[in-house]
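Rule-based calculations on the coordinates, nothing more; no lab input. What you are looking at is a predicted structure, and each value in this text was computed from that prediction instead of being measured. Heads up, the Cβs are rebuilt from the backbone with ideal geometry, glycines too, and the neighbour counts pull from every protein chain shown.
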Amino acid sequence: MKKLPVLFLLVIGLTFLIPPKVKATPAFNQDIVQIDYATGLGFRYLQRTLTWDDAEQTSPLKASILTAQFAFSTDFGVTLTPFIGLVFQSFDNLVFRQLPLSVELETGNISGWIFGGDLTWEAIEYANFSAGLKGEFLYSLGNTNNWSIPGLMVEGKLQGKPNWWEARLGPLCFYQGWDTFTPFIWTGISPLQGTFSLEETIETLHRTEDKEIKGKGNFFVSLGTNLNFSPLRMRVCLDLFPSKDNLDPGVTIQIFYVF
């Protein structure tokens, strides 16, 4: 988890690495920057294959994410969109072997909070195409859940909490030949890391195991479109996370009201 702040700074730093000379506007050249605002709601279904125990074991993470977001867009192509929301997630087939009684956990639904944002820079325009760089970071803070231990003759319980983060960074390309329909492709790297902490209590015996989890693949492709119906703007996107043995799908839907 020490890599989290370093990666977050890298996402921001790479976005501003090249000065925006390619896409210049009159407002920018006159040192007057116009900022547009938009607010909206978002939904994302995330499915990732996780590895743990030194990548020897795998299990699925499935998460439904609801967010409220506020976007700031400048006239030289930079858009910042922070968001906050709720996450409903499940982890299946996680095995904890360092507890007094080994457990294979089927978590069911675990709620939590989600925080993050994305930063987009549309740096280049040519004919009906534009291209740039986009980075996104999200952090999931799960709530503590309790489970019973079946088959015990004495009192026992399990208490667990997941925390994880995901980042996406890579080039972004739009086709802008239509007024209301703007298809795009976004691809790049997408690491996911976190910890699932599980405490086992059997009468007076307590022990906790912190299991490190990682996304199996570090590459993603997102195919989507922006639908512009002023003052509303909608974004629909299919997210794909390929790895050696899996192709994890996901969906992102965002609706904005542009001021």
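Couple of notes before you dig in:
- Mean Cα-pair separation over length for segment 194-259, i.e. relative contact order, pairs under 8 Å, 6 or more apart, %: 24
- With bins 5 Å wide beginning at 0, the percent of Cα pairs of the chain falling in each bin runs 1, 5, 11, 16, 17, 14, 11, 8, 6, 4, 3, 2, 1, 1, 0, 0.
- Sites I189 and N146 - FRET efficiency at Förster radius 35 Å, r taken between beta-carbons, to 0.05: 0.45
- Multiplying the residue separation of L247 and E155 by 0.36 nm and subtracting their alpha-carbon distance yields 28.9 nm.
- Extent of segment 174-240 along its three principal axes (Cα atoms, max minus min coordinate, largest first): 67, 27, 12 Å.
- Environment charge at K157 (Cβ cut-off 10 Å; Lys +1, Arg +1, Asp -1, Glu -1): -3
- Mean-position separation - Cα centroids, segment 127-161 and segment 66-82, in angstrom: 25
- Each Lys and Arg Cβ is given +1 and each Asp and Glu Cβ -1; about its Cα centre, segment 123-259 then shows a dipole of about 320 debye.
- Applying a DSSP loop filter and a limit of 14 other Cβ atoms within 10 Å to the trypsin sites (Lys or Arg not before Pro) in segment 218-250 leaves K244.
- Working note: Cα gyration tensor of segment 114-197, eigenvalues times five, square-rooted, sorted largest first, giving semi-axes of 46, 12, 9 Å.
- Counting charges near I253 (Lys, Arg +1; Asp, Glu -1) among other residues having Cβ under 14 Å from its Cβ returns a value of +2.
- GNM result for the chain, Cα springs below 10 Å: residue of E104, E125, E200 fluctuating most strongly: E104
- Value of relative contact order over the chain, rounded to a whole percent, pairs C-alpha under 8 Å and six or more apart: 17
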